[in-house]
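Report on the structure given below.
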Amino acid sequence: MSSLKPVIDEALKKAKTSFKNEDERIEMTYGVIASAAAQDIPMPAYKAHFDRLLELGLVINRVNIPRLEKLLSKAGRHLPYYYYMQYGDRSL
């Protein structure tokens, strides 16, 4: 059985070059956090995925996204996703 890992790794390298400006990466960050919150992804899995996307340059950290923070604060329990993006493990 062959692995999809090489194909996925190559696609991620190409995706990195498609998000050239900060606004696009902020929108991707918004989407990643919102989708993780909507699916109630366990924090350990979310952290690993977010860190990998950050390493690839697809998302951004330490950025203020007020509309997302406001949206997540309504549910309360989803704020850790946002705070992890802003502060890393210091937020938890």
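Points to keep in mind about this one:
- Lys20, sole failed condition from (1) modelled with pLDDT under 90; (2) assigned to a helix (DSSP H, G or I); (3) surrounded by fewer than 13 Cβ atoms within 10 Å (Cβ to Cβ); (4) not hydroxyl-bearing (Ser, Thr, Tyr): (2)
- Odd one out for Lys74, checked against (1) buried (at least 17 other Cβ atoms within 10 Å of the Cβ); (2) modelled with pLDDT under 90: (1)
- If you go through segment 33-66 and keep only what is assigned to a helix (DSSP H, G or I), farther than 13 Å from His78 by Cβ and either in contact (Cβ under 8 Å) with a residue 24 or more places away in the chain or not charged (D, E, K, R) (or both), you end up with Pro44, Ala45, Lys47, Ala48, His49, Phe50, Leu53, Leu54, Pro66.
- Residue within segment 54-61 that is farther than 20 Å from Ile8 by Cβ and either surrounded by 15 or more Cβ atoms within 10 Å (Cβ to Cβ) or modelled with pLDDT of 90 or more (or both) present: yes
- Subset of segment 62-92 (residues that are closer than 28 Å to Asp9 by Cβ and more than 13 Å from the chain's Cα centre (by Cα)): Asp89
The values are calculated or read from the model by the stated rules, or taken from the named source; none is laboratory data. The model shown is predicted, which means the values in this text are computed figures rather than measured ones. Cβ: placed from backbone, ideal geometry, glycine included. Neighbour counts: every protein chain shown.
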